[in-house]
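Take a look at the structure below.
The values are calculated or read from the model by the stated rules, or taken from the named source; none is laboratory data. These numbers come from a predicted model, not from an experiment. Methodologically, a virtual Cβ is constructed for each residue, glycine included, from the backbone with ideal geometry; neighbour enumeration extends over all protein chains shown. Accessible surface areas use protein heavy atoms only, side chains included; no ligands, DNA or RNA. Shrake-Rupley method; radii C 1.70, N 1.55, O 1.52, S 1.80 Å.
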Amino acid sequence: AAWLERETASRPTSSALAVRLLRGCLNWCESEDELKGLVPDGALKDKKVADALPEPKSKDDCLQREQLPGWFAAVRQISNPVIAAYLQGLLLTGARREELAGLRWADVDFQWHTMAIRDKVEGSRTIPLTPFLGHLLASLPRRNEWVFSSPTAEDGRLVNALKSHVQALDAAGLPHVSLHGLRRSFGTLSEWVEMPTGIVAQIMGHKPSALAEKHYRKRPVDLLRKWHTHLEAWILEQAGIDFSTSEQQERLRLVK
């Protein structure tokens, strides 16, 4: 409790995470015969600890429709094309940051316009490779197996694009939006085109929330593509980006 009071004054989120991790560790200890009873029962449930624990706050950072022109203009000015494509990919797919960063060239099918995403919930999910995103990926250098490669990183792939994103936000005069906030933006912006929530959830890799979604709805990628392409086109229109589908098709033809 004393540690929490001191730490939460300057870093409440990290302190709350530390307590959750410690609680998980102690619960595991209680399940192991040789470690059971080492820590007094209910140590983390003490009222002093509970009172010092900061209240969890749900985050709501995301891009608004009117912020899209400034955001795209600033991100597309990033000198590193891999980072620029990665950030745009987060917004246009709603993928988790590590899911997209771990994308391999073998996961991208330019012929059938699909991407296989390593899903932390289901293991893997296939989503559409939309026209503009396909154009971005086809333009990237193929240095190794990773789509978002980095010649300076130890494992050869992009590790963190947060610094570049913060700089782009500052250049555009926009409030802070985290990388996860770009995923949140995808879900929020989808409502402007009245995209069915089940379609949004399947593209983003959310767990089905209703019985019918769990057992009876597994939409083919073509149906996802219909809505996903529509949303991408709407986002680009709001951002003031004039993108020719024929230009993208020619690019993909050359790639194949």
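Numbers below:
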| quantity | calculated |
| --- | --- |
| Portion, in percent, of the accessible area of the chain that falls on carbon or sulfur, probe 1.4 Å | 51 percent |
| Nitroxide proxy distance, nm - points 7 Å out along Cα→Cβ at residue 154 and residue 9 | 3.5 nm |
| Three-way shape label, region 1-95, alpha-carbon gyration tensor, a/c 1.5 | prolate |
| Straight-distance crosslink candidates among aspartates and glutamates, where the alpha carbon sits under 16 Å from residue 218 and sequence neighbours closer than 8 are dropped | 119, 122 |
| Residue 126 - accessible surface, heavy atoms, 1.4 Å probe, Å² rounded to 10 | 70 Å² |
| Å² of accessible area per residue within the chain, as computed with a 1.4 Å probe and no ligands counted | 58 Å² |
| Given 45/163; 163/226; 59/207, the pairs whose alpha carbons are separated by over 27 Å | 45/163; 163/226 |
| Distance cut-off 34 Å, percentage of C-alpha pairs in the chain lying past it | 30 percent |
| Top of 37, 94, 102 by mean-square fluctuation, Gaussian network on the chain, Cα under 10 Å | 37 |
| Gain upon complete extension [residue 170, residue 20; 0.36 nm per residue less C-alpha separation] | 50.7 nm |
